[in-house]
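Participant: Take this structure, written in structure tokens, and hold onto it; I'll ask about it next.
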Amino acid sequence: MPDKKLDSNQEISFSELKEIASILKSAPDLRCFSIKFKNLELAIESGLKEATDSGSPTTTRDQESRLPSSGQSEAEAHLTRAASNPSSTYKSLTEALGSPSTMPKAEVLEPDHFVVRSPMVGTYYKAQQPGAKPFVLVGDKVKKGDVICLIEVMKLINSVAAEVAGTIAKIHVEDAQAVEHGQALISIKQNSVQQD
Amino acid sequence: MKTVLIANRGEIALRIQRACRLLGLRVVQVYSEADKESLPVKLADATVCIGKASASSSYLNPIAILGAAKLTNADAIHPGYGFLSERADFVDFVEAEGLTFIGPTPTQIRLMGEKSKAREMALKADVPTVPGSPSILSSLKEAETIAADIGYPILLKASAGGGGRGMRVVNEQSELANAFSEASSEAKLAFGDSSLYLEKYLSDPQHIEVQVLCDGQRTVSVGERDCSTQRRRQKVIEEGPSPVLSEKVREALLDSARRLCSAINYRNAGTIEYVVKDGQFYFMEMNTRIQVEHPVTEAISGVDLVARQLDIAFNGPGCLSDLATDVLSRGHAIECRINAEDPSNHFMPSPGLIQSVQLPGGPWVRLDTHIFAGYVIPPFYDSMIAKLICWADTRDLAIQRSLTALHELKIQGIKTNIEFLRNVLNSNVFRIGAMHTQYVERELKELL
């Protein structure tokens, strides 16, 4: 399979990228190609040839056959059911997106900690904007109602507030990480006498 | 055979693919990891994965997109709407690499894409504008001074903006500091540029916009659209022609739009947006790209706007010579934006797996969408999943046809605003054409 992979921990410049592009032009039979550098990842399929419908085993078209509803035009999608197994159980969004890195990890939660969970599927942000001071750090004291992070879903930014007063004990997620509904975001060690 | 790289996703990527195929162009589709199984990726001649799900590492990443273009020998890049469509530095980069940007020149984007400079240009071209800050606000303090001067309520707007992102109405000075920081961070996130400007806020105006096509020599107006049916500054329903303009005002409006475009030798499709209050129109901003609601104009004019964009980019001056300066429209068209959101829960976005889809049909019904049964709507991008455009001889019939099509359209697995759209179309205000930009929000209870 002409699926070459160069791994590098270094950054690639645009002129280097162009050099790769010119080398690739001399290998017109190449169908799949991917590169990975510190600053850039690209994966190309059948992009180096004029499009043909000849259907060689390495074209994108054929690779699509593993998709549940491949080849359906919009019109053909008319009243069809999803997936191969209609009775299949609920498929979580992140599972369906096939991104294991976004799956909730096994949560290790302290019994006396209050866990703030994500109210929705989306992307977690620790600060108002990239590079800004995070809303909270471990060890910070928070009051009930203080904004402790943001969840962005479909370009809508939602503030997440501390549901109890206390001290930030643990932050379970990374900045800009995709999170599920109900996923643990931040643990708060509650102030001793307070009840949630 | 020329190759066009599409630097966008979703329904607009499909729309551009269709125009490319119409003109016999080869299509390269770039995509993020979250869009690997999307329809535009399945239908393209070649595909390039350009990064992770977040827009900033994929669709907003100029190096990844230019790299993809180089590696696939693309001749031109179509940016669609949103993402990099109005980023002049991106166009500089594209052109420096010898590729064609399907859009305006970088100078025109800088001039018109930056809303504050656009206002100055509009004034020069004798197009009326709303009172406001002469240019970008340098600080909160400057905002306070100008706001106090022109009087509240005022509107804060992202200079790089569009589509209502990074926009806030401020009713009094005590709200200004918060609104200023919210709007600038929203603008930073949406457009990569946090600069804001402000203008006097006109209460309950109409939002009316003029579609233009310009080849760098000839300026053509293709009628207007009324986009007054909005919720939180997001357009909900668009239609053309406007039900409120008198013929005299319409002519003046179209004329002013052409004047502005001619003044800058504009090249590409574009939209001049106006607020209209009591028959007076004021220039708001120009969108130097194809817009979401362009099919409304296509339906009433018979002009394929996206194909024209490609034609202008590849063939330049002369390619609009078959069109009248003021293209006539026929009948009435209405576009409903179908969103993955839950109107009963504060319109909370509703991404996820689409279990089944039943599509509308019949004469003069158009549905632009990238969804299909089994598609998973990712949570990372816009919640708009389809556009329904219905045409008829009269506005009443266009409403009726839209209601029927919305009745036929069923999307299972996620929440959508289909019922809400039906309620809006059925509302008295919409029926009689008395919409203004605040009425949906104000009558929300009755519309849910």
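The values are calculated or read from the model by the stated rules, or taken from the named source; none is laboratory data. These figures come from a predicted structure and were not determined experimentally. Glycine also receives a Cβ, built like all others from the backbone with ideal geometry; neighbour counts cover every protein chain displayed.
Participant: Tell me which of these B:ILE272 doesn't satisfy, since it passes every other one: (1) within 14 Å of another protein chain (Cβ to nearest Cβ); (2) closer than 24 Å to B:VAL91 by Cβ; (3) in a strand (DSSP E or B); (4) aliphatic (A, V, I, L, M).
Facilitator: B:ILE272 satisfies every listed condition except (1).
Participant: Sticking with this one: Is there a residue in segment B:331-353 that is of a type in the set (Val, Ile, Thr), more than 24 Å from the chain's Cα centre (by Cα), in the same structural domain as B:VAL276 (by TED's automatic domain parsing) and farther than 28 Å from B:ARG250 by Cβ?
Facilitator: Checked against the condition, which is being of a type in the set (Val, Ile, Thr), more than 24 Å from the chain's Cα centre (by Cα), in the same structural domain as B:VAL276 (by TED's automatic domain parsing) and farther than 28 Å from B:ARG250 by Cβ, segment B:331-353 yields no hits at all.
Participant: Now, a different point. With the checklist (1) farther than 22 Å from B:HIS78 by Cα; (2) in a strand (DSSP E or B) in hand, flag the one item B:ARG259 doesn't pass.
Facilitator: Of (1) farther than 22 Å from B:HIS78 by Cα; (2) in a strand (DSSP E or B), only one is false for B:ARG259: (2).
Participant: Condition first: under 19 Å from the mean Cα position of the chain (by Cα) and more than 21 Å from B:CYS227 (Cα to Cα). Now tell me which residues in segment B:113-168 satisfy that.
Facilitator: B:GLU114, B:SER116
Participant: State all residues of segment B:189-207 that are buried (at least 23 other Cβ atoms within 10 Å of the Cβ) and touching a helix residue (DSSP H, G or I) at 6+ places or on another chain (Cβ under 7 Å); if no residue qualifies, say none.
Facilitator: Within segment B:189-207, B:LEU196, B:TYR197, B:LEU198 qualify.
Participant: Then there's this: Name the residue, out of A:LYS143, A:LYS126, A:LYS170, A:LYS133, that is among the basic types (Lys, Arg) and touching a Ser or Thr at 6+ places or on another chain (Cβ under 6 Å). Before the answer, list the steps.
Facilitator: Numbers: A:LYS143 fails: touching a Ser or Thr at 6+ places or on another chain (Cβ under 6 Å); A:LYS126 fails: touching a Ser or Thr at 6+ places or on another chain (Cβ under 6 Å); A:LYS133 fails: touching a Ser or Thr at 6+ places or on another chain (Cβ under 6 Å).
Within the list A:LYS143, A:LYS126, A:LYS170, A:LYS133, the selection yields A:LYS170.
Participant: Starting from segment B:16-36, keep only residues that are more than 10 Å from every other protein chain (Cβ to nearest Cβ), then list their pairs with residues that are among the basic types (Lys, Arg) and part of a loop (DSSP other than H, G, I, E, B) whose Cβ atoms are within a distance under 6 Å, requiring at least 6 positions of separation or different chains.
Facilitator: Here the result reads B:LEU25/B:LYS2, each pair linking segment B:16-36 to a residue that is among the basic types (Lys, Arg) and part of a loop (DSSP other than H, G, I, E, B).
Participant: For segment A:120-179, enumerate the residues that are among the basic types (Lys, Arg), closer than 22 Å to B:PHE180 by Cα and surrounded by 14 or more Cβ atoms within 10 Å (Cβ to Cβ).
Facilitator: Answer for segment A:120-179, where residues must be among the basic types (Lys, Arg), closer than 22 Å to B:PHE180 by Cα and surrounded by 14 or more Cβ atoms within 10 Å (Cβ to Cβ): A:LYS126, A:LYS155.
Participant: To continue, here is another question. Return only the number of the condition from (1) surrounded by fewer than 19 Cβ atoms within 10 Å (Cβ to Cβ); (2) part of a loop (DSSP other than H, G, I, E, B); (3) of a type in the set (A, V, I, L, M, F, W, C) that B:LEU403 does not satisfy.
Facilitator: For B:LEU403, the failing item is (2).
Participant: Something else about it: So, in segment A:106-161, exactly how many residues are touching a residue at least 60 places away in the same chain (Cβ under 8 Å) and in a strand (DSSP E or B)? Outline the logic, then answer.
Facilitator: So in segment A:106-161, the residues touching a residue at least 60 places away in the same chain (Cβ under 8 Å) come out as A:107, A:109-110, A:112-121, A:124.
Of the ones still in play, those that are also in a strand (DSSP E or B) are A:113-117, A:124.
Number of matching residues: 6.
Participant: For segment B:347-389, which residues satisfy the criterion of being aliphatic (A, V, I, L, M) and part of a loop (DSSP other than H, G, I, E, B)?
Facilitator: B:ILE354, B:LEU359, B:ILE371, B:ALA373
Participant: Just give me the residues in segment B:119-130 being among the basic types (Lys, Arg) and surrounded by fewer than 20 Cβ atoms within 10 Å (Cβ to Cβ), in sequence order.
Facilitator: B:LYS124, the sole residue that qualifies.
Participant: Right, next: Inspect segment B:415-434 for any residue being within 10 Å of another protein chain (Cβ to nearest Cβ) and outside any loop (DSSP other than H, G, I, E, B) and give the result as yes or no. Steps first, answer last, please.
Facilitator: Initially, segment B:415-434 is screened for residues within 10 Å of another protein chain (Cβ to nearest Cβ), giving none.
Within segment B:415-434, not a single residue is within 10 Å of another protein chain (Cβ to nearest Cβ) and outside any loop (DSSP other than H, G, I, E, B).
Participant: When the residues of segment B:238-258 are narrowed to those that are buried (at least 20 other Cβ atoms within 10 Å of the Cβ) and of a type in the set (A, V, I, L, M), which ends up farthest from B:ILE334 (Cα to Cα)?
Facilitator: Only one residue fits best here, namely B:ALA257.
Participant: Suppose the filter is part of a strand (DSSP E or B), over 23 Å from B:ALA269 (Cα atoms) and of a type outside the set (D, E, K, R); does B:ILE338 pass it? Even if it seems obvious, please write down each step before you answer.
Facilitator: Details: part of a strand (DSSP E or B): yes; over 23 Å from B:ALA269 (Cα atoms): yes; of a type outside the set (D, E, K, R): yes.
Against the criterion (part of a strand (DSSP E or B), over 23 Å from B:ALA269 (Cα atoms) and of a type outside the set (D, E, K, R)), B:ILE338 qualifies.
Participant: So, in segment A:32-43, of the ones that are modelled with pLDDT under 85 and of a type in the set (A, V, I, L, M), which residue ends up nearest to B:LYS42 (Cα to Cα)? Even if it seems obvious, please write down each step before you answer.
Facilitator: In the first step, residues of segment A:32-43 are kept if they are modelled with pLDDT under 85; the result is A:32-41.
Adding the requirement that they be of a type in the set (A, V, I, L, M) leaves A:35, A:40.
Numbers: A:ILE35: 21, A:LEU40: 23 Å.
Ranking the candidates gives A:ILE35 first.
Participant: Something else: From the list B:PRO79, B:PRO40, which one is more than 8 Å from chain A (Cβ to nearest Cβ), in contact (Cβ under 8 Å) with a residue 24 or more places away in the chain, touching a His at 6+ places or on another chain (Cβ under 9 Å) and surrounded by 21 or more Cβ atoms within 10 Å (Cβ to Cβ)?
Facilitator: Of the residues listed, the single one that is more than 8 Å from chain A (Cβ to nearest Cβ), in contact (Cβ under 8 Å) with a residue 24 or more places away in the chain, touching a His at 6+ places or on another chain (Cβ under 9 Å) and surrounded by 21 or more Cβ atoms within 10 Å (Cβ to Cβ) is B:PRO40.
Participant: Now, a different point. Which residues, counting only those in segment B:131-157, are of a type in the set (Val, Ile, Thr) and surrounded by fewer than 20 Cβ atoms within 10 Å (Cβ to Cβ)?
Facilitator: B:ILE136, B:THR145, B:ILE146, B:ILE150, listed by residue number.
Participant: Does B:ALA64 meet the test of being among the hydrophobic types (A, V, I, L, M, F, W, C), surrounded by 24 or more Cβ atoms within 10 Å (Cβ to Cβ) and assigned by TED's automatic domain parsing to the domain that holds B:GLY10?
Facilitator: On the way: among the hydrophobic types (A, V, I, L, M, F, W, C): yes; surrounded by 24 or more Cβ atoms within 10 Å (Cβ to Cβ): yes; assigned by TED's automatic domain parsing to the domain that holds B:GLY10: yes.
The answer is yes for B:ALA64.
Participant: Let me ask something else about it. Does B:SER116 satisfy being hydroxyl-bearing (Ser, Thr, Tyr), touching a strand residue (DSSP E or B) at 6+ places or on another chain (Cβ under 9 Å) and either buried (at least 23 other Cβ atoms within 10 Å of the Cβ) or assigned to a helix (DSSP H, G or I) (or both)?
Facilitator: On the way: hydroxyl-bearing (Ser, Thr, Tyr): yes; touching a strand residue (DSSP E or B) at 6+ places or on another chain (Cβ under 9 Å): yes; either buried (at least 23 other Cβ atoms within 10 Å of the Cβ) or assigned to a helix (DSSP H, G or I) (or both): yes.
For B:SER116, the condition - hydroxyl-bearing (Ser, Thr, Tyr), touching a strand residue (DSSP E or B) at 6+ places or on another chain (Cβ under 9 Å) and either buried (at least 23 other Cβ atoms within 10 Å of the Cβ) or assigned to a helix (DSSP H, G or I) (or both) - is met.
Participant: Can you say whether B:THR404 is within 29 Å of B:SER246 (Cα to Cα) and either of a type in the set (Ser, Thr, Tyr) or free of Cβ contacts under 8 Å to residues at least 40 places away in the same chain (or both), as far as the supplied structure shows? Explain how you work it out, then say what you get.
Facilitator: Working: within 29 Å of B:SER246 (Cα to Cα): no; either of a type in the set (Ser, Thr, Tyr) or free of Cβ contacts under 8 Å to residues at least 40 places away in the same chain (or both): yes.
No; evaluated as a whole, the condition is false for this residue.
Participant: Looking at (1) out of contact with any Leu (no Cβ under 6 Å at 6 or more places or on another chain); (2) farther than 24 Å from B:LEU189 by Cα, which is the one condition that is false for B:ALA125?
Facilitator: That leaves (1) as the condition not met.
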